[in-house]
Amino acid sequence: MSNWSYISESDWQNPPPIFRPAPFWSWNGKLDHGRLCRQVEKMAAVGMGGFFMHSRYGLKTEYLSNEWFECVKVCIEKARQLGIKAYLYDEDRWPSGSAGGNITRNNDKYKFRYLKMARSINNNDFVERIGVFKIKLNSSGALESYTSISDDTQNYYDLKMACDIHTQKPTVWENLGTYIDILNKDAVAEFIRVTHEAYADKLARISAESYRQYLQMSLIMA
């Protein structure tokens with residue numbers, strides 16, 4: 001039976017931290033221990049039950065660096081002192097998977113891939129060509145029928161469409177990396193190693209009880 005299957009009247013009047021709001025606390029700019037602790041104190045003072053430490057656009061402190069983890073530790077300890085919860089978020093911005101672009105920036109095989117169909121078949125901006133099709137459109141411009149073409153150089157009067165696998169181009173959002181190919185188990189394993197295992201290693205000094213009570217890894221694979 002759940003520990004929260006029964007809530008007392010006093011808990012309704014003064015909810016424990018688990019039932020209080022916990023904002024996504026955007027971390028950007030150059031992080032400072034003193035300023036972070038003051039903000040934690042202010043959140044506790046207005047009744048927040050905790051906070052998610054969430055890296056956002058504009059962060060000047062290097063994500064997943066030793067400096068980053070020291071800031072995380074300081075906030076965890078402050079939350080413990082105040083009796084509220086500190087929640088981890090496992091990505092720089094969102095969605096989870098690229099570790100702030102660190103996984104894909106220099107590793108093409110882990111980059112996000114997608115399927116694209118286009119009428120132009122003479123471009124080489126793709127990883128793999130799945131096939132070329134002769135297509136027929138109806139009077140409203142919708143696809144009516146298609147036939148696979150083994151040789152895309154044949155001169156058909158009907159329209160032709162290529163189906164290709166493309167790799168996402170680097171983006172500023174991913175710090176000049178890309179999102180990962182979540183269908184590639186090696187890419188996902190690398191994300192877990194770089195992020196989750198790094199947190200487990202860097203926060204190993206925190207007791208298991210504290211870790212259980214005050215931390216929660218937020219997994220958002222979108």
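None of the figures in this text is laboratory data; all of them are computed from the coordinates on show. Quantities reported herein were computed from a predicted structural model and do not represent experimental measurements. Reconstructed Cβ throughout: ideal geometry from the backbone, glycine too, with neighbour counts over all protein chains shown.
From most to least packed by mean Cβ count within 10 Å, the peptides 63-72, 187-196 give 187-196, 63-72. Here the label points at Trp173 and Ile192, each 7 Å from Cα along the C-beta direction, are separated by 2.6 nm in the simple model. Modelled this way, with points 7 Å down the Cα-to-C-beta line, the labels at Glu9 and Phe24 are 3.9 nm from one another. Mind scanning Lys109/Lys202; Lys116/Lys160; Lys60/Lys169; Lys116/Lys169; Lys136/Lys169; Lys116/Lys136 and naming the pairs with a C-alpha gap bigger than 20 Å? Check vs 20 Å cut-off fails for Lys109/Lys202; Lys60/Lys169; Lys136/Lys169.
Here the label points at Ala142 and Glu70, each 7 Å from Cα along the C-beta direction, are separated by 6.3 nm in the simple model.
Extents of the stretch 3-91, largest first, come to 45, 23, 19 Å (Cα atoms, principal axes, whole angstrom).
Taking 28 Å as the limit for the C-alpha separation, the pairs Lys73/Lys185; Lys30/Lys185; Lys42/Lys73 exceed it in the case of Lys73/Lys185; Lys30/Lys185. The slack between Leu183 and Val127, meaning 0.36 nm per residue of separation minus the straight C-alpha distance, is 18.6 nm.
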